[in-house]
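Heads up: the structure comes next, in structure tokens.
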Amino acid sequence: MFTSLHTCRQICQHFLKAHSDQLKGLPLQNSDTFGERYGKHTFDDLSQFVQFGATNLEHASYVVADLRDELMKIEALPVLVAVDEYDSFFRESGFWWEYIPVRGEQFLAVKALMEVSATIGSTKELANGLSICAISKRFPLKKKEVPFESKLLQSIPNDTVVFKEYGRYSDEELEAYLEICEKLEFDCPDLQYLNVITQKNPYLVSMRMYGHMTPEDDSDDLSLLGSWGNN
């Protein structure tokens, strides 16, 4: 997400491909807040709006940010807002401006996704759906640093959140994952070999299947923070 506008455009493209039929006919509910950022362009429904982000690079990050707000208000369909590697947004972005590090919240689309946890248990919560923030622990804590999920839970009402930790794959889960990879025509390694080199660690298994695993990848688990919407 920190890299470029191209990532936001890809999000719009993938979102449109997966949900085009569902978006058709759904009216925009926040268009009065758009101001002049889309110029003279108008949109009949959410499908047209996302299509605009998928084809206009310079507006893609605005569309991603505004789309999140639109999804929060949809009642006609159940909505899932899920953000992977959520804790990475709160760490160093790797970008600098005039010798000053740029923070995650200074990226428009990243800021919109960072605010997903803030909607849990608030008046901005999903009207009909579920918010999930997936937290991987592959980012080592600094000395005396409080775990990210602990800091996050302090700001969320306990009765509105579900927090679960997921460890390594079971034998059945690993075999099921490999079946999916085979259907996607991945070159699947021997099951026993995969057990040895990944120790059934979900992150390492995925990295191995995509061909990107490196020796320093040593994530132990995955945590999920989520909340049901009002309905």
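The values are calculated or read from the model by the stated rules, or taken from the named source; none is laboratory data. Because the structure is predicted, anything quoted here is derived from the model rather than measured. Virtual Cβ from ideal backbone geometry, glycine too; neighbours counted across all protein chains shown.
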Would you point out the residue of the range 80-105, among those that are under 17 Å from residue 7 (Cβ atoms) and either of a type in the set (Phe, Trp, Tyr) or over 17 Å from the mean Cα position of the chain (by Cα) (or both), that is surrounded by the fewest Cβ atoms within 10 Å (Cβ to Cβ)?
94
Answer yes or no as to whether residue 110 is modelled with pLDDT of 75 or more and crowded, with 17+ Cβ neighbours inside 10 Å.
yes
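Residues being modelled with pLDDT of 75 or more and surrounded by 11 or more Cβ atoms within 10 Å (Cβ to Cβ): count how many of those fall in the range 152-178.
The total comes to 9.
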Condition first: more than 27 Å from residue 136 (Cα to Cα) and in contact (Cβ under 8 Å) with a residue 40 or more places away in the chain. Can you find one or more residues in the range 86-101 that meet it?
no
Are any residues in the range 51-65 surrounded by fewer than 24 Cβ atoms within 10 Å (Cβ to Cβ) and either in contact with a Lys or Arg (Cβ under 9 Å, 6 or more places away or on another chain) or among the acidic types (Asp, Glu) (or both), and if so, which ones?
54, 55, 56, 57, 58, 59, 62, 65
Determine the pairs where a residue that is within 18 Å of residue 36 (Cβ to Cβ), located within the range 63-74, has a partner that is part of a helix (DSSP H, G or I) and modelled with pLDDT under 90 with Cβ atoms under 6 Å apart, the partner being 6 or more residues away or on another chain.
65/108; 65/109; 65/112
Which residue is nearest to residue 80 (Cα to Cα), if the candidates are limited to the range 1-43 and must be among the hydroxyl-bearing types (Ser, Thr, Tyr) and touching a helix residue (DSSP H, G or I) at 6+ places or on another chain (Cβ under 7 Å)?
20
Options 121, 94: the member that is at positive phi and either of a type in the set (D, E, K, R) or at pLDDT below 75 (or both)
121
